[in-house]
Amino acid sequence: MDKRQLLPTARPAYAYANAGAALALAAALAAASLAPPVAQASPGPSATAPIMPIAAPRDRPYPGQIELSVDATDVLHRVYHVHETLSGVTRDSVLFYPQWLPGAHAPEGTIDRLAGLRFSVDGVPVTWMRDPANIWAFRVRVPSGVSTLRIDFDYLSPTRDDVGDLEVSPDLLMIEWNEVVLYPAGYFSRDIPVRVSVTLPTGWRFGCALDVDHTDGAQTTFKPTNLATFVDSPLYAGRYTSRVDLAPGAAVPVHLDLFADQPDDLTMSASELQGFRALVQQAYRLFGSHHYEHYDFLLSLSDQIQHSGLEHHQSSENGSYAHFFTEWNKYAFDRDLLAHEYTHSWNGKFRRPFDLWTPDFNVPMQDSLLWVYEGQTQYWGHVLTARAGLRTLPQTLDEIADFAAYEQSDPGHAWRPLQDTTNDEIINPRRPQSWRNYQLFEDYYEQGALLWLDVDTLIRQLSHGRRSLDDFARAFFGIDNGSFVTVTYTFEDLVRTLNRVQPYDWARFLRQRLDSVGPLMLDGIRRGGYRLVYTDAQSDYQRNVDDARHRVSLLYSIGVTLGDGERPGGIIEVLWGSPAFQAGLTNGARIVAVNDLAYSGDVLKDAIRSARGARTPIELIVRTGDHYRTVRLDYHGGLRYPHLERDTSQPALLDAILAPRP
Ligand SMILES: [Zn+2]
């Protein structure tokens with residue numbers, strides 16, 4: 001049911017009826033109490049302002065269509081000019097700007113970027129008001145007898161990264177269609193026809209999962225679709241592009257569409273191309289199905305715009321570093337992105353949690369099963385990247401060590417169950433946190449991946465190697481081959497399929513791991529034939545992550561992550577309860593000196609090495625604003641970096657999981 005139907009439409013009568021009794025009770029309590037009486041000239045406010053009803057979405061054909069024309073040529077101002085003709089309107093129409101976005105799982109619509117809004121009929125302006133109780137709804141007084149409304153507005157894409165993630169540069173742009181459309185309330189989004197054309201800067205090429213109807217100069221018109229598919233099919237465009245066939249000769253085309261800052265950044269080696277083609281084949285071998293008519297990986301290689309990752313049914317938005325291909329070894333850590341977003345075509349878009357599917361973009365979503373939607377996708381993202389050869393086995397083990405160590409050291413697990421973290425995108429749409437490891441943040445990704453590794457190794461162990469989570473993936477996501485009509489599921493559906501693969505008390509197993517608090521167990525890694533250990537040597541893989549993110553990781557020794565590059569020594573994160581925490585370090589401060597030497601990452605690492613086994617503390621000078629203080633870190637454990645070490649008492653199940661499927 002649509003939540004809006006539950007809201008009162010008028011002031012409830014009981015508020016008046018009970019006011020007199022409440023006043024009498026308050027007077028009696030005041031008289032009986034020894035506390036001084038409260039001055040009270042009236043009973044105080046009651047009830048709430050009336051809320052005007054908005055029609056709940058119904059599954060019925062919309063008696064008109066959205067005709068949209070988007071002018072995306074003004075890349076210097078980063079503004080999209082939108083002209084929309086909406087037929088089928090009635091006298092008191094309510095139009096929505098999309099609020100709840102699939103993939104974001106949260107009310108992250110960009111209504112703060114909408115400006116210059118005008119409604120008109122045959123050139124005559126029509127008055128409008130924003131719904132006072134719902135800022136995403138516009139009430140338009142359409143003249144009687146009129147059924148077609150003209151809507152014009154501008155979408156102001158962020159001009160600086162403190163406004164929002166950058167989407168437009170002089171060389172490339174991305175359009176998420178939910179940013180540039182108003183749609184009528186009262187209908188399922190799949191029931192609203194849409195026809196769209198877009199004008200791009202001259203000479204630019206684009207990638208988009210929508211089918212092209214015709215092109216006229218810089219303007220492209222797409223074939224008619226519906227609002228749900230339209231919003232699910234974003235467009236990337238750019239000056240420097242290339243289109244790579246990832247499934248040559250296949251009946252169902254899969255392409256990699258590249259958009260770069262510079263033409264040189266588009267260069268891909270034969271073995272890299274082989275890896276991405278293998279990714280498609282390994283996904284088919286895993287799921288035994290596809291749920292698209294064609295698929296486009298949209299990949300921006302840019303240091304000018306955001307690095308996005310957003311799933312769609314027939315495409316995905318991927319963003320990485322400008323030199324993703326040209327400095328291939330450096331960015332191994334970022335290579336699971338494409339496998340993750342691709343997996344979502346099966347897990348997330350085709351199979352979707354029952355409480356996450358919504359009929360339009362303004363009905364609230366519920367995120368209770370994100371540990372499947374995101375957690376298992378995170379798992380397959382790493383597994384498929386390894387199976388495709390896009391990461392070596394040692395690189396994958398370093399990656400798993402990295403997130404397993406972070407998850408296991410998070411003190412937040414002592415109070416917060418995994419299940420509760422599924423609310424995080426709604427609680428905090430990816431704003432920085434003061435104490436991330438104590439608060440936790442979207443742990444259903446990495447902790448979810450560890451949970452599915454736990455399930456996978458357990459199925460393999462219980463079935464004596466005959467079955468695995470691959471069988472679950474095929475049984476759960478491989479149904480309805482070729483169809484991209486979403487099929488929803490519940491927790492019980494999940495448990496039923498797991499039981500078909502391998503009988504076990506999966507409901508209890510999962511609920512225990514989802515609902516309990518306490519130290520995180522790494523049973524999947526142990527059963528996989530490995531153990532998490534710490535040594536004083538950082539792997540090349542982890543050093544590349546630090547370099548790319550301009551940081552120095554010392555989280556598992558003194559308990560801090562520090563900035564590098566433009567802000568050396570700036571404290572990014574302090575592990576709650578760590579030696580650094582005990583010494584009073586807090587993020588936002590900056591280490592300026594170490595044992596009387598000017599700070600550098602290497603100076604601090606040397607000091608940690610020298611303090612090992614010694615008795616004297618490491619002395620830091622720390623600056624917070626204009627305030628300097630000396631901090632003595634009584635830490636003598638040396639440098640500590642996480643690794644997975646082979647445990648030969650167990651079979652190497654993890655190696656088998658990560659090996660390519662024939
Ligand atoms: Zn995801």
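Brief remarks on what is shown
- Overall dimensions of the stretch 578-662 by Cα: Rg and Dmax, Å: 19.4, 62
- For the stretch 312-319, the Karplus equation 6.51 cos²θ - 1.76 cosθ + 1.60, evaluated at θ = phi - 60°, returns couplings of 9, 5, 10, 6, 8, 9, 10, x Hz by residue, with Gly and Pro reported as x.
- Label-point gap, in nm, between PHE509 and GLN306 - each point 7 angstrom along Cα→Cβ: 3.7
- Rounded percent of accessible protein surface that carbon and sulfur make up, the stretch 34-92, 1.4 Å probe: 61
- Packing, taken as the mean count of other beta carbons within 10 Å per residue, orders the peptides 571-581, 343-353, 77-87 from highest to lowest as 343-353, 571-581, 77-87.
- Shown for the stretch 192-236: the carbon plus sulfur share of the solvent-accessible area, taken with all protein chains present and a 1.4 angstrom probe, equals 45%.
- Using θ = phi - 60° in the Karplus curve 6.51 cos²θ - 1.76 cosθ + 1.60, the 3J(HN,Hα) couplings for the stretch 586-591 round to 9, 5, x, 7, 9, 7 Hz; x is entered for Gly and Pro.
- Isotropic mean projected area of the C-alpha convex hull, the stretch 26-156 (nm²): 15.3
- 3J(HN,Hα) along the stretch 529-538, derived from phi through the Karplus expression 6.51 cos²θ - 1.76 cosθ + 1.60 where θ = phi - 60°, amounts to x, 9, 9, 7, 10, 10, 10, 8, 10, 7 Hz, with x in place of Gly and Pro.
- Label-reachable residues, the stretch 157-197, where backbone N falls under 17 Å from a point 7 Å from ASP213's Cα toward its Cβ: 192-197
- Stretched out straight at 0.36 nm per residue, the stretch from ARG118 to ASN329 would grow longer than its current Cα-Cα span by 70.9 nm.
- Equivalent ellipsoid semi-axes - Cα gyration tensor, the stretch 353-395, angstrom: 32, 10, 7
- Ranked packing of 429-437, 61-69, 522-530, most packed first, by mean Cβ within 10 Å: 522-530, 61-69, 429-437
- With the Kirkwood sum run over all distinct C-alpha pairs, the stretch 140-179 has a hydrodynamic radius of 13.3 Å.
- Peptides 232-239, 621-628, ordered by how many other C-beta atoms sit within 10 Å of their residues on average, highest first, read 232-239, 621-628.
- Accessible surface, per residue, of the chain when the full set of protein chains is kept, probe 1.4 Å, Å²: 43
- Where only C-alpha atoms are counted, convex hull volume of the stretch 285-434 per residue in Å³: 155
- For the stretch 102-235, the convex hull spanned by the alpha carbon atoms encloses 156 Å³ per residue.
- Computed FRET value (nearest 0.05) for ALA56 with GLN274, which takes r as the C-beta separation and R₀ as 51 Å: 0.50
- In nm, spacing of pseudo-spin labels at PHE354 and ASP92 (7 Å Cα→C-beta vector): 3.5
- Qualifying chymotrypsin sites (Phe, Trp or Tyr not before Pro) in the stretch 139-218, DSSP loop, other Cβ atoms within 10 Å at most 13: none
- Taking the three principal axes of the alpha carbon atoms in the chain, the coordinate ranges are 87, 84, 57 Å, sorted in descending order.
- Computed extension gain for MET521 through LYS223, at 0.36 nm per residue and net of the alpha carbon distance, reaches 102.1 nm.
- Taking label points 7 Å from Cα along the Cα-to-Cβ direction, ASP162 and THR127 give a separation of 4.0 nm.
- Residue-span extension gain [ARG496 to ALA652] - 0.36 nm each, minus C-alpha spacing: 53.3 nm
- FRET efficiency for the pair VAL485 and ARG609, taken as 1/(1 + (r/R0)^6) with r the Cβ-Cβ distance and R0 = 56 Å, rounds to 0.40.
- Stokes-Einstein diffusion coefficient of the stretch 513-662, Kirkwood radius over Cα pairs, 37 °C, 0.692 mPa s, in µm²/s: 190
The values are calculated or read from the model by the stated rules, or taken from the named source; none is laboratory data. Note that this is a predicted model, so its numbers are computed, not measured. A quick note on method: Cβ atoms are made from the backbone with ideal geometry, for glycine too, and the neighbour counts reach across all protein chains shown. Surface accessibility is based on the protein's heavy atoms, side chains included, excluding ligands, DNA and RNA. Shrake-Rupley method; radii C 1.70, N 1.55, O 1.52, S 1.80 Å.
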